[in-house]
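Participant: Can you read through this structure? Questions will come right after.
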Amino acid sequence: MQQRLARGEAAALGELYDRFASLVHSLAHRVLDDDEAADRITREVFGYVWENPDAYDPKQGSMRSWVATLAHRQAVHRLRQTEAAALAAGGDGTTEDLEQKVRQASVAARADYIVTSMPAPLRAALELAYFQRRDYRQTAVDLGVTEDEARRRLRLGLQLLSTANTRPVTGASTPPGYGRTL
Amino acid sequence: MPEPEDGLPPRIPAQRGAADARDELPAAPLALTHKVLKSLLGAWALAACSPQETEAVEAHLTTCAACADEALRLRDAVGLLHTDRNLDLDPLLRSRVLQGCLAGRPARIPVPEWAAPYDAETARLDALLNDFGDAEWHAPVRLKWFESEQPVSRRTTVAGVIAHLLSVDALVAMALGLEDPLGEAAPSAGPTERTEHFWRSSHFPPTRRIREPWRDQGHDLIRTVSFAGRGVAELAVPYGARGDKHSSLPLQDSLLDRAFECWVHAGDIAEAVDYPYDPPAAAHLHTMIDLAARLLPGTLAGRRRAGLAAPARHLVRAGTPGRSLRLEIEGVGGGNWYIALDSPAAIASPDRAVAHIALDGVEFCRLAAGHISPEEAAAGQDGDREAIRDVLFAAASMSRL
């Protein structure tokens, strides 16, 4: 895919969009809570990838995680910008409120990404228990696993999800070129 | 009771945990081991335990710091789950984003303009399929078309519809030298024959696994025509499409026809699973209507030979103006088309228009797809009644499985 993008194949750009647009848009929407703003982030992220396909380093992870990182960072950047402008224009709140809001939005977006990226069996268990309100015994029956296994999956799924709260917004391991906004 | 935080089972004898629990919780109805209580934390945080278990876990949390700590973290994590995750993307966003990208960095290998409707429609259907579970994939779909002057229909499933699209799209793919996904035993022509062959020859009804070969073939098609460029636009595709007359279509028209079919069947699928589904972008809808309008004179001539349409009234020399019907399509993607009535070789002259039909673009497409009968088409009509009837029936007769 990276080579095809570098070669300037418009067809590859279309495939890239089909694969990642809903991921990018939903992450941006989770952070900015606004359709138009999420549309704009989507345009910016795909524009960046299309113009800088070489910025992707396969050694650092999948293309999916790279694109998600770009979307997350750009959306958080935009939120901070918008909120700071509102503050400067005499809006309510303090800088601490702003940071708090940015942090919460960022955690929520990271949580969404974790849910979409976790192993399918864990996600299926969480979906049954949370979205369909099945208890763990019903969840076990629905999934065709033992009750022990259903409990294990629910607990492990939530443990993964809880890392959204603890990981820093900009990881120290972020390679150069990944950390800046688009 | 110190506990490892790494998620490994505790190395505490079960006996002792049970004894502790009994000592500390004399009133609790359930005496569970520490190991079991700990395994219940996820279910507890999701309110997915029995009331007795919930009580036992909560009693345990007052005495076990490690579990209390984890319980708090997991309950916070539950707060990060959202029910409103399925926000559908605006299908029009795709072309806006792609256009924006291409403005910033022009493509060295662009997708030909005439392939854009197929690219857009296959992407849109693929996005619809994205959230489908097994129940949706096996939902019954009734395919409708118009045959032997009658509306007919056929039952299949959502996966069966995708198998149909795969089978017929392959006719275009094969014309470009791509492999037939149906294998060598499949009939090499005839959309209906190929689809029937596919449905008959698989031992099991198609499942969601059909999505990938269908999508891959679509991507291969777009990619191949991009590399081939302008040169292949007129390549003849032996297609057997849209009325008996048109046994082959130029590649660009056949791909447009596939875009049309993709939209129509995506609509069938969406209806079967009760999802909304919009018409194509105005510019694409316009080219689809234009294709049908261009094919109408030939279809009329074929029907005339078969005795299904009134005889030609005024024969004119090829390339000279003849009688026409004005087809006025209202709404987005609309416009005016003049349909040559007596011969496909005549020029449809506005001066010699003898009849006028006005109808909505989507309605016209539903007619051409055989989803509504000519009698049902809510058309404004004016002029020669025979010509109007012949054109409406010819439009419906272009549909097929």
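Participant: Go through (1) within 12 Å of chain A (Cβ to nearest Cβ); (2) in contact with an Asp or Glu (Cβ under 8 Å, 6 or more places away or on another chain) for residue B:30 and report which single condition fails.
Facilitator: (1) is the only condition that residue B:30 fails.
Participant: I'd like to check which helices (runs of 4 or more DSSP H) are fully inside the stretch A:1-110 and have at least 1 residues that are modelled with pLDDT under 95 and either away from chain B (no Cβ under 14 Å) or on the phi > 0 side of the Ramachandran plot (or both).
Facilitator: Once the helices (runs of 4 or more DSSP H) in the stretch A:1-110 are filtered for at least 1 residues that are modelled with pLDDT under 95 and either away from chain B (no Cβ under 14 Å) or on the phi > 0 side of the Ramachandran plot (or both), what remains is A:2-6, A:63-88.
Every residue, every condition in (1) under 13 Å from the mean Cα position of the chain (by Cα); (2) closer than 29 Å to residue A:14 by Cα; (3) at pLDDT 95 or above; (4) assigned by TED's automatic domain parsing to the domain that holds residue B:373, yes or no:
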position	(1), (2), (3), (4)
B:98	no, yes, yes, no
B:102	no, yes, yes, no
B:150	no, no, no, no
B:155	no, no, no, no
B:168	no, yes, no, no
B:171	no, yes, no, no
B:179	no, yes, no, no
B:183	no, yes, no, no
B:187	no, no, no, no
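Participant: If you check A:106, A:117, which single one turns out to be closer than 26 Å to residue B:70 by Cα and surrounded by fewer than 16 Cβ atoms within 10 Å (Cβ to Cβ)?
Facilitator: Result of the check over A:106, A:117: A:117.
For (1) touching a residue at least 60 places away in the same chain (Cβ under 8 Å); (2) out of contact with any Asp or Glu (no Cβ under 6 Å at 6 or more places or on another chain); (3) closer than 30 Å to residue A:44 by Cα; (4) at the interface with chain A (Cβ under 10 Å from one of its Cβ atoms), each residue gets a yes or a no:
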site	(1), (2), (3), (4)
B:43	no, yes, no, yes
B:56	no, yes, no, no
B:62	no, yes, no, no
B:88	no, yes, yes, yes
B:98	no, yes, yes, yes
B:109	yes, no, yes, yes
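Okay, residues lined up against (1) crowded, with 17+ Cβ neighbours inside 10 Å; (2) of a type in the set (Ser, Thr, Tyr); (3) within 14 Å of chain A (Cβ to nearest Cβ):
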{"residue": "B:105", "(1), (2), (3)": "no, no, yes"}
{"residue": "B:128", "(1), (2), (3)": "yes, no, yes"}
{"residue": "B:133", "(1), (2), (3)": "no, no, yes"}
{"residue": "B:136", "(1), (2), (3)": "yes, no, no"}
{"residue": "B:143", "(1), (2), (3)": "yes, no, no"}
{"residue": "B:159", "(1), (2), (3)": "yes, no, no"}
{"residue": "B:166", "(1), (2), (3)": "yes, no, no"}
{"residue": "B:173", "(1), (2), (3)": "yes, no, no"}
{"residue": "B:182", "(1), (2), (3)": "yes, no, no"}
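Participant: From the list B:81, B:72, exactly one residue is among the hydrophobic types (A, V, I, L, M, F, W, C), surrounded by 13 or more Cβ atoms within 10 Å (Cβ to Cβ), within 9 Å of chain A (Cβ to nearest Cβ) and within 26 Å of residue A:114 (Cβ to Cβ). Which is it?
Facilitator: Result of the check over B:81, B:72: B:81.
Participant: Restricting the first residue to the stretch B:343-361 and requiring it to be acidic (Asp, Glu), which pairs with a second residue that is assigned to a loop (DSSP other than H, G, I, E, B) meet a Cβ separation below 6 Å and a spacing of at least six or different chains?
Facilitator: B:360/B:331
The values are calculated or read from the model by the stated rules, or taken from the named source; none is laboratory data. What you see is a predicted model; the values in this text were computed from it and never measured. Counting neighbours? That spans all protein chains shown, and the Cβs are built from the backbone with ideal geometry, glycine included.
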